[in-house]
Amino acid sequence: MGVSAIDPYAVPAADPDPDLNVDLNVDLDLDLDSDTDRIRFWEEQARRLDWEAGWHTAHTFEPARPGPDGELSVPRIEWFAGGRLNVAANCVDRHVAAGHGARTALHFEGEPGDRRSVSYAELLEEVSRAANALLALGIGKGDRVVIYLPVLVETVVAALACARIGAVHSLVFGGFSAEALRFRVQDTGAKLLITSDGQFRRGTAVPVKDIADAAVEGIAGLDSVLVVRRTGSDIAWTAGRDVDWHEALAAASPEHFPEAFDAETPLFILYTSGTTGRPKGLLHTSGGYLTQASWSFQHLFGPPEGERRGGEVHWCTADLAWVTAHTYVLYGPLSNGATQVLFEGTPDTPHPGRHFEIIERYRVTSYYTAPTLVRALRSWFPEGVPDSSDLSSIRVLGTVGEAVNPAAWHWFRDQLGRGTVPVVDTWWQSETGAALLSPSPSDSAFKPGCAARSLPGVGTRIVDEEGATVPPGVPGLLVVDRPGPAMARTVWGDPRRYLDSYWRRFARQGWFLSGDGARYDDDGDTWILGRVDDVINVSGHRLSTIEIESALVAHPLVSEAGVCPVADPITGHAIAAFVVPAPGAAGTAGIEETLRRHVAARIGPVARPAAVVVVKDVPKTRSGKILRRVLSELYEGSSLGDTTSLQNEECLPGIAAALAARR
């Protein structure tokens, strides 16, 4: 069904002043449960951006419907059809044009301690040079560019340069293997790979170019490899293919006029973690994605409503290849003219207090991170943040990736937020493109670990297998019944997989299946229970892995825990718990039985783990999600599935050894 704009949008006189972004355009007279008013709401948010041409149709959604052969069609989503804009110009040029060129866009800090601050005017020049350099390499609208870089200013510049010329970028985590990188280069059909000579990690210059060379060997159609000199390491060089980033930009003009593209022009391809099967390349487009990214950043992390921007410094700790960084580093903050921090390194290098130093140095006001890092900080500082650290600048905290354990939540707010600042515990996915569930920073009270409610303009519900809304306290399937404009449009090169993965299950209702389980509480707020595949069925009792992990992490002997189902001939599933001991707790006599009793006391005897395995780390994706499937496979001795998404694959032999010692 197509839904037209109520009032065709006429482009206003240009006024790119980012301070106007303080106005969140939330019309209190709108009924956001109404499709008409919801679409009007997103039109109002789209007007926060600069458009060269207005749209003629605000939104079209064609749900999956049976064809003559009975097979479902692939859903079609479109926002702001006919509208034309340039994403990069909305993130950089308009702030300079408004007189804010001297404002700092990026505070970069490398792991070795090198620092660089980049103004919006300087960012504009670098992005323009990079855009011209890409054009000189034959890259144009629609071409795919894979970016295999660590967290650097150059990574941001490369992504924005692609957006500026209409090329489609696909960022790949700098810790991925040659095999994982090769898959993404081949699957996108990339013409260009941007990589580095190396990256700094845990005090060492880690080679990267060799991995990149192995990944692209023999790939037809990959014309060029653009190399950023980060570590100064000696590298192999392929004449005629390899190009020095710095030389290319130095030779390029610092001026580039940004062309406006249709709102549905592809912006980036983002590969999911690949927890099951091969990774899916999710395609996000320009106008709708930027609209929701920009508004949701301002809603969650911007200055309080009514205040003009000034003095805020945002830090999202995600790697730039993760969707969180696309939305809440690259596009959301920059489209709002925000100042933010980029940090290249690991949080405990050269010491566990590195993040506290960075927060204090740049006077960070919003700190957005993953629960796994919160748990790590809590284990490193069980007595709290040192008195020598001044974190008083923080005014809002945020978590993302998976539900945060209540014990970790309390430590996070008490230690980094003085027990008073709001915590936006956000839920969303690579597919949704931006946050869908979260408390509001203006809430007067917070529930530790609760994703609260849908943000304005979007909607979710929790349903049973038949699609009926579940009552409070009953676990169900979390679906998106009112998607936002940032929703992924398809799976790159495989539209049927888009249908099968997300839309087939509830095609009749037109709902998106998230794959997460959740429950309502008595107030109607939403609690995320983790992936539906991670639910453990013990003698007919459906238990949440996150609930069991939260119970384990609440014990002082544990800093982190991963729980998984393992086969049991009597109960169907049994519970295996992999625990990382708190500092000084390793080797504690009787730790396994202590923790088994603790979980039984906290949740009930049915939740008592059949096995507790003490390990040094648990496998996690680059977004900090525990890969519980791998734990099950290791425990049961079955062959491992896809592990290319792991950020810490080196932990697997240690887990296998701990299991072998038990047998």
Output for the stretch 544-565, where each listed residue is touching a His at 6+ places or on another chain (Cβ under 7 Å) and touching a residue at least 60 places away in the same chain (Cβ under 8 Å): 565
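Residue by residue, here is whether (1) outside any loop (DSSP other than H, G, I, E, B); (2) surrounded by 15 or more Cβ atoms within 10 Å (Cβ to Cβ); (3) assigned by TED's automatic domain parsing to the domain that holds residue 430; (4) among the polar types (S, T, N, Q) holds:
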position: 578; (1), (2), (3), (4): yes, yes, no, no
position: 583; (1), (2), (3), (4): no, no, no, no
position: 592; (1), (2), (3), (4): yes, yes, no, no
position: 616; (1), (2), (3), (4): no, no, no, no
position: 624; (1), (2), (3), (4): no, yes, no, no
position: 635; (1), (2), (3), (4): yes, yes, no, no
position: 639; (1), (2), (3), (4): no, no, no, yes
Determine if the stretch 117-137 includes at least one residue that is part of a loop (DSSP other than H, G, I, E, B) and either small (Gly, Ala, Ser) or assigned by TED's automatic domain parsing to the domain that holds residue 322 (or both). yes
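Is it fair to say residue 170 is in a strand (DSSP E or B), surrounded by fewer than 23 Cβ atoms within 10 Å (Cβ to Cβ), touching a Leu at 6+ places or on another chain (Cβ under 9 Å) and hydroxyl-bearing (Ser, Thr, Tyr)? Spell out how you get there, then give the answer.
Values: in a strand (DSSP E or B): yes; surrounded by fewer than 23 Cβ atoms within 10 Å (Cβ to Cβ): no; touching a Leu at 6+ places or on another chain (Cβ under 9 Å): yes; hydroxyl-bearing (Ser, Thr, Tyr): yes.
The answer is no for residue 170.
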Which of the residues that make up the stretch 204-235 are more than 15 Å from residue 194 (Cα to Cα) and under 25 Å from the mean Cα position of the chain (by Cα)? 206
Can you tell me which residue is farthest from residue 353 (Cα to Cα) among those in the stretch 193-252 that are of a type in the set (Lys, Arg) and assigned to a loop (DSSP other than H, G, I, E, B)? 241
More than 30 Å from residue 628 (Cα to Cα) and at pLDDT below 95: does that describe residue 203? no
Which one is nearest to residue 535 (Cα to Cα), of the residues in the stretch 503-525 that are surrounded by 17 or more Cβ atoms within 10 Å (Cβ to Cβ) and charged (D, E, K, R)? 516
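Go through the stretch 447-542 and tell me which strands (runs of 3 or more DSSP E), entirely inside it, have 1 or more residues that are more than 29 Å from residue 397 (Cβ to Cβ), polar (S, T, N, Q) and in contact (Cβ under 8 Å) with a residue 12 or more places away in the chain. Walk me through how you get there before you give the answer.
Values: elements: 459-463, 476-482, 512-520, 526-531, 536-538.
In the stretch 447-542, the matching strands (runs of 3 or more DSSP E) lie at 536-538.
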With the requirement that a residue be within 16 Å of residue 425 (Cα to Cα) and touching a Gly at 6+ places or on another chain (Cβ under 9 Å), what does the stretch 444-466 give you? 453, 455
Tell me the residue from 561, 567, 574 that is in a strand (DSSP E or B), outside the structural domain of residue 429 (by TED's automatic domain parsing) and within 26 Å of the chain's Cα centre (by Cα), please. 561
Filter the stretch 108-152 down to residues that are crowded, with 24+ Cβ neighbours inside 10 Å and not hydrophobic (A, V, I, L, M, F, W, C) and give me whichever is nearest to residue 266 (Cα to Cα). 144
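Identify, from the list 403, 407, 376, the residue that is in a loop (DSSP other than H, G, I, E, B) and either of a type in the set (Gly, Ala, Ser) or surrounded by 19 or more Cβ atoms within 10 Å (Cβ to Cβ) (or both). Give the derivation first.
Working: 407 fails: in a loop (DSSP other than H, G, I, E, B); 376 fails: in a loop (DSSP other than H, G, I, E, B).
From the options 403, 407, 376, the qualifying one is 403.
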Taking the criterion of being modelled with pLDDT under 95, in contact with a Lys or Arg (Cβ under 8 Å, 6 or more places away or on another chain) and not aliphatic (A, V, I, L, M), would at least one residue in the stretch 359-380 satisfy it? yes
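Starting from residues that are among the small types (Gly, Ala, Ser) and closer than 23 Å to residue 376 by Cα, keep the ones in the stretch 332-357 and report whichever is surrounded by the most Cβ atoms within 10 Å (Cβ to Cβ). Can you show your working first?
Filtering the stretch 332-357 for residues among the small types (Gly, Ala, Ser) gives 332, 335, 337-338, 345, 353.
Applying the additional criterion that residues be closer than 23 Å to residue 376 by Cα yields 345, 353.
On the way: 345: 21, 353: 18.
Within the stretch 332-357, the match that is surrounded by the most Cβ atoms within 10 Å (Cβ to Cβ) is 345.
The values are calculated or read from the model by the stated rules, or taken from the named source; none is laboratory data. Just so you know, these numbers come straight off a predicted model, no measurement behind them. Ideal geometry is used to build each Cβ from the backbone, glycine not excepted, and the neighbour counts take in all protein chains shown.
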